[in-house]
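Each reported figure results from applying straightforward, stated rules to the coordinates on display, with no laboratory input. None of these values were measured; they are calculated from a predicted model. Every residue, glycine as well, gets a Cβ built from its backbone with ideal geometry; the counts of neighbours run over all protein chains shown.
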Amino acid sequence: MRCLFILFFIATIIISCSKPEKEKKPDVTCLTEHWINQKKAELSSCVCLTGIYQGIYLGQVVYEIRGIDPLCNGINMVYHPDGTAVVNSGEQAAYQSYLTAVQGLQLIWSCSRSG
């Protein structure tokens, strides 16, 4: 069921971000906006304070969804602008490498704790 939802979501993004036939490349700005807005909606009524950070990793913009509540444990996830996963904090060596190399990491959004 979750897989079906993900496929539906991706199809919706592709349709809403479609460009003229001559330009086959998807609009990354449109994909990013849809993806980030969906994440904000999912996280908006959080129990554990969560933030979305933007930074530069290996020359590319990345977004990290990070638990910033000291009372909660979780896995931080790093994504490309199109929503594809880069690395997560469960992959300790890779995540440590990311933390060392990421530049300009800034909090761009955080949820309002509801609980």
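Full extension of the chain between residue 102 and residue 72 yields a length gain of 8.4 nm, computed as 0.36 nm times the residue separation minus the alpha carbon distance.
Legend: P(r) of the stretch 44-115 from all alpha carbon pair distances, 5 Å bins from 0, whole percents, reading 3, 17, 26, 26, 16, 9, 2, 0. Annotation for residue 56 and residue 92: the two label points, set 7 Å from Cα along the Cα-Cβ direction, are 3.1 nm apart.
Rank the residues 47, 78, 62, 102 as a footprinting-exposure proxy: fewest other Cβ atoms within 10 Å of their Cβ go first.
Neighbour counts put them in this order, fewest first: 47, 102, 62, 78.
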